[in-house]
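All remarks here apply to the structure that follows.
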Amino acid sequence: MITREIQLTAQIAGTPTLDHFTVATTEVDGEVVVRTDQVGLAATYLELMRADCTIPVPAWQPGQRVGVAAIGTVVRSDSPELAVGDLVQSMTGWSEYSAGPAAQYTKLDPIADPGYYLGQGPTAYYGMADVAGVGEGDVVFVSGAAGGVGSLAGQIAKCLGAARVIGSAGSPAKVDYLVNELGYDAAFDYHDGSPVDRLRELAPEGISVFFDVVGGEQYQAALQTARPGARFALCGSLSSQLGDAAERFPTPDHAAAQARGIELLPFSCYHTPDQIAAWREHFSTWLGEGRFVYPQTAIKGELEDVPQAFLSLLQGSYRGNVSVRLS
């Protein structure tokens with residue numbers, strides 16, 4: 001079958017642009033052929049497009065299809081495990097069709113909005129529940145709280161029993177969204193004054209958990225307002241997306257953290273079957289109990305619209321988990 005896909009034209013060194021992507025035609029064939037209905041977008045993909053990628057998986061090369069999570073419908077199958085019409089999830093990326101062994105596709109239960117399956121819940125749940133170990137009485141600060149991971153992480157903390165959850169975001173509208181729609185106890189715009197002053201105001205007793213996807217000034221603010229023995233789950237460093245690897249992922253201040261007895265807990269989530277299962281079990285329970293909101297932005301467009309949507313995500317144009325529904 002002939003399909004179109006988004007390929008990388010050159011690895012990214014500075015600011016990504018549309019020139020880094022191209023639509024290419026290729027042939028796919030395999031035990032199962034799937035029509036892509038929806039693709040997920042995540043800021044993490046930018047790191048995989050760099051020559052000096054810091055994530056411990058192979059970086060994407062020029063001429064290679066990009067993207068990861070996708071949901072689609074089986075259109076041809078030579079496998080007894082999957083039938084034509086089945087809804088499936090895969091890591092096949094940004095293409096109109098994909099093909100391969102049945103084992104690379106996970107059959108999904110049909111639901112009203114399959115975009116739920118494309119969210120970054122496994123990362124948020126693993127980081128908050130297993131890495132940070134959030135529980136009763138914790139005061140939690142989530143940076144980048146209106147993004148795909150942060151918008152879930154704060155709600156997870158509340159469901160796990162945190163006494164107070166504070167978030168940061170990049171606009172007054174996103175701050176209102178965190179408090180009025182996602183149930184954060186408090187939030188602030190990190191452009192509005194000093195983050196450390198806002199944290200001292202909102203958490204005068206200090207924070208006991210920091211879930212960080214931003215780094216930079218907000219990491220320093222958390223360091224200055226943390227209680228002795230606080231746990232820092234370090235998920236990313238979006239405040240420094242440009243520059244070389246050392247600038248993008250600066251070394252945390254271990255000395256200052258050690259002096260205050262703070263645990264620095266950097267982590268990566270590979271979305272193992274156990275992590276995915278744990279997230280889906282808790283998510284379905286909390287959603288059914290009315291304790292959880294699934295924040296997402298679903299963009300309708302053609303395959304060639306996906307790179308622009310990705311660049312807009314990096315610029316902070318969207319809230320929650322972002323995907324493109326292919327028309």
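Select from the stretch 1-54 the residues that are within 30 Å of A83 (Cα to Cα) and under 21 Å from the mean Cα position of the chain (by Cα) and list them in ascending order. I'd like the intermediate steps shown before the answer.
Our first condition is that a residue be within 30 Å of A83 (Cα to Cα); within the stretch 1-54, this holds for 1-7, 23-42.
I6, T36, D37, Q38, V39, G40, L41, A42 - these are the residues of the stretch 1-54 that are within 30 Å of A83 (Cα to Cα) and under 21 Å from the mean Cα position of the chain (by Cα).
Looking at R319, is it at pLDDT below 90 and open to solvent by 40 Å² or more (accessible area, probe 1.4 Å)?
Details: at pLDDT below 90: yes; open to solvent by 40 Å² or more (accessible area, probe 1.4 Å): yes.
So R319 fits the description; yes.
Starting from residues that are open to solvent by less than 30 Å² (accessible area, probe 1.4 Å) and part of a loop (DSSP other than H, G, I, E, B), keep the ones in the stretch 60-77 and report whichever is farthest from V324 (Cα to Cα).
By that ranking, first place goes to W60.
For E263, all conditions in the list (1) surrounded by fewer than 14 Cβ atoms within 10 Å (Cβ to Cβ); (2) modelled with pLDDT of 65 or more; (3) not aromatic (F, W, Y) hold save one; what is the number of the exception?
Result: E263 passes all but (1).
Suppose we filter the stretch 289-308 for residues that are closer than 30 Å to T9 by Cβ and open to solvent by less than 30 Å² (accessible area, probe 1.4 Å); how many remain?
At the first step, the residues of the stretch 289-308 found to be closer than 30 Å to T9 by Cβ are 296-308.
Next cut, open to solvent by less than 30 Å² (accessible area, probe 1.4 Å) only: 301, 303, 306-307.
Residues meeting the conditions: 4.
State whether the residues of the stretch 97-117 include one that is surrounded by fewer than 17 Cβ atoms within 10 Å (Cβ to Cβ), out of contact with any Phe, Trp or Tyr (no Cβ under 9 Å at 6 or more places or on another chain) and basic (K, R).
Yes, the stretch 97-117 has at least one match.
Can you find even one residue in the stretch 111-123 that is touching a strand residue (DSSP E or B) at 6+ places or on another chain (Cβ under 6 Å) and part of a strand (DSSP E or B)?
No, the conditions are met nowhere in the stretch 111-123.
Is it the case that some residue within the stretch 208-216 is at pLDDT 95 or above and open to solvent by 50 Å² or more (accessible area, probe 1.4 Å)? Spell out the reasoning first.
The initial filter retains those residues of the stretch 208-216 that are at pLDDT 95 or above, namely 208-211.
Checking the rest, the ones that are also open to solvent by 50 Å² or more (accessible area, probe 1.4 Å) come to none.
Checked against the condition, which is being at pLDDT 95 or above and open to solvent by 50 Å² or more (accessible area, probe 1.4 Å), the stretch 208-216 yields no hits at all.
Is it the case that the stretch 78-91 has a residue that's over 28 Å from A153 (Cβ atoms), of a type in the set (D, E) and open to solvent by 50 Å² or more (accessible area, probe 1.4 Å)? Please lay out each step first, then the result.
As a first pass, look at the stretch 78-91 and keep what is over 28 Å from A153 (Cβ atoms): 78-86.
From what is left, the residues that are of a type in the set (D, E) are 78, 81, 86.
If we keep only those that are open to solvent by 50 Å² or more (accessible area, probe 1.4 Å) as well, we get 78, 81.
Scanning the stretch 78-91 turns up at least one residue that is over 28 Å from A153 (Cβ atoms), of a type in the set (D, E) and open to solvent by 50 Å² or more (accessible area, probe 1.4 Å).
Considering each residue of the stretch 141-192, count those that are open to solvent by less than 10 Å² (accessible area, probe 1.4 Å), in a helix (DSSP H, G or I) and hydroxyl-bearing (S, T, Y), and give that number.
Number of matching residues: 1.
Taking the stretch 299-327, which residues are of a type in the set (A, V, I, L, M) and either more than 20 Å from S171 (Cα to Cα) or in contact with a Cys (Cβ under 9 Å, 6 or more places away or on another chain) (or both)? Outline the logic, then answer.
Looking only at the stretch 299-327, we keep the residues that are of a type in the set (A, V, I, L, M), and these are 299, 303, 306, 309, 311, 313-314, 322, 324, 326.
Matches in the stretch 299-327: I299, L303, V306, V324, L326.
If we keep just the residues of the stretch 193-207 that are in contact with a Phe, Trp or Tyr (Cβ under 8 Å, 6 or more places away or on another chain) and over 21 Å from L264 (Cβ atoms), which is surrounded by the most Cβ atoms within 10 Å (Cβ to Cβ)?
My answer is R198.
Out of all the residues in the stretch 147-162, which are within 24 Å of A69 (Cα to Cα) and out of contact with any Phe, Trp or Tyr (no Cβ under 6 Å at 6 or more places or on another chain)? Full working, then the answer.
Quick first cut of the stretch 147-162, residues within 24 Å of A69 (Cα to Cα) only: 147-156.
Hits for the stretch 147-162 are G147, G148, V149, G150, S151, L152.
Would you point out which residue out of V57, V84 is farther than 24 Å from R319 by Cα, part of a loop (DSSP other than H, G, I, E, B) and at pLDDT below 95? Step through it out loud before you land on a result.
Working: V84 fails: at pLDDT below 95.
It is V57.
Checking L178 against (1) aliphatic (A, V, I, L, M); (2) over 23 Å from F283 (Cα atoms); (3) under 17 Å from the mean Cα position of the chain (by Cα), only one condition comes out false. Which one?
All conditions pass for L178, except number (2).
The values are calculated or read from the model by the stated rules, or taken from the named source; none is laboratory data. Predicted, not measured: the structure shown is a model, and the values here were computed from it. A quick note on method: Cβ atoms are made from the backbone with ideal geometry, for glycine too, and the neighbour counts reach across all protein chains shown. Only protein heavy atoms, including side chains, enter the accessible area calculation; ligands, DNA and RNA are left aside. Shrake-Rupley method; radii C 1.70, N 1.55, O 1.52, S 1.80 Å.
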